[in-house]
1. For residues that are closer than 16 Å to residue 117 by Cα and surrounded by 17 or more Cβ atoms within 10 Å (Cβ to Cβ), scanning just segment 17-57, find the one that is farthest from the chain's Cα centre (by Cα).
2. Given the structure, is residue 106 surrounded by fewer than 12 Cβ atoms within 10 Å (Cβ to Cβ) and closer than 20 Å to residue 141 by Cα?
3. Just checking, which of 161, 165 is surrounded by fewer than 14 Cβ atoms within 10 Å (Cβ to Cβ), over 13 Å from residue 13 (Cβ atoms) and in contact with a helix residue (DSSP H, G or I) (Cβ under 6 Å, 6 or more places away or on another chain)?
4. Just give me the residues in segment 112-162 being under 30 Å from residue 88 (Cα atoms) and assigned to a loop (DSSP other than H, G, I, E, B), in sequence order.
5. With (1) part of a loop (DSSP other than H, G, I, E, B); (2) in contact with a strand residue (DSSP E or B) (Cβ under 6 Å, 6 or more places away or on another chain) as the list, and residue 35 as the residue in question, which single condition is left unmet?
6. Just to check your reading of the model, which residue among 60, 91, 77 is at pLDDT below 95, within 20 Å of the chain's Cα centre (by Cα) and either outside any strand (DSSP E or B) or over 20 Å from residue 135 (Cβ atoms) (or both)?
7. In segment 112-158, which residues are more than 13 Å from the chain's Cα centre (by Cα), surrounded by fewer than 16 Cβ atoms within 10 Å (Cβ to Cβ) and closer than 22 Å to residue 42 by Cβ?
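The values are calculated or read from the model by the stated rules, or taken from the named source; none is laboratory data. Being a predicted model, the structure only gives us computed values, none of them experimental. Virtual Cβ from ideal backbone geometry, glycine too; neighbours counted across all protein chains shown.
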């Protein structure tokens with residue numbers, strides 16, 4: 001018998017993580033800096049987001065922070081290597097099933113799509129601060145208190161690398 005197995009690392013990034021990166025007053029701003037630094041370094045393997053997350057994030061940034069920040073977000077995405085999952089008919093049908101399965105959760109359409117994409121594509125890990133929507137559904141959540149899990153040296157390394165130290 002061959003017991004070897006392939007472990008594929010992947011992470012899907014939700015709206016709050018992107019938004020907090022651009023909102024310096026957000027309680028999770030530093031968490032987002034560190035999460036996305038690790039994502040871009042490949043620590044979580046392949047990185048994904050969805051077109052609906054992009055729509056939510058761009059809209060939030062545009063109206064709460066401004067056009068310049070929104071354009072910076074879109075430029076970041078274009079150059080980040082983060083793969084975008086686009087909603088199609090097959091995925092849409094799956095989202096409807098998520099709504100039926102988790103009817104008690106009051107999920108947004110974008111959140112239901114995120115849940116389906118994480119499951120369907122065997123991503124397994126989600127970067128989010130929205131534990132209310134995803135806790136108990138998504139296998140692993142990365143987000144709140146991320147900075148507290150890092151050692152001081154790692155935080156210093158990240159901040160130095162991006163020019164904040």
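1. 52
2. yes
3. The unique qualifying residue is 165.
4. Result: 121, 122, 123, 124, 129, 130, 135, 136, 137, 138, 139.
5. For residue 35, the failing item is (1).
6. 91
7. 122, 139, 149, 151, 153, 154, 156, 157
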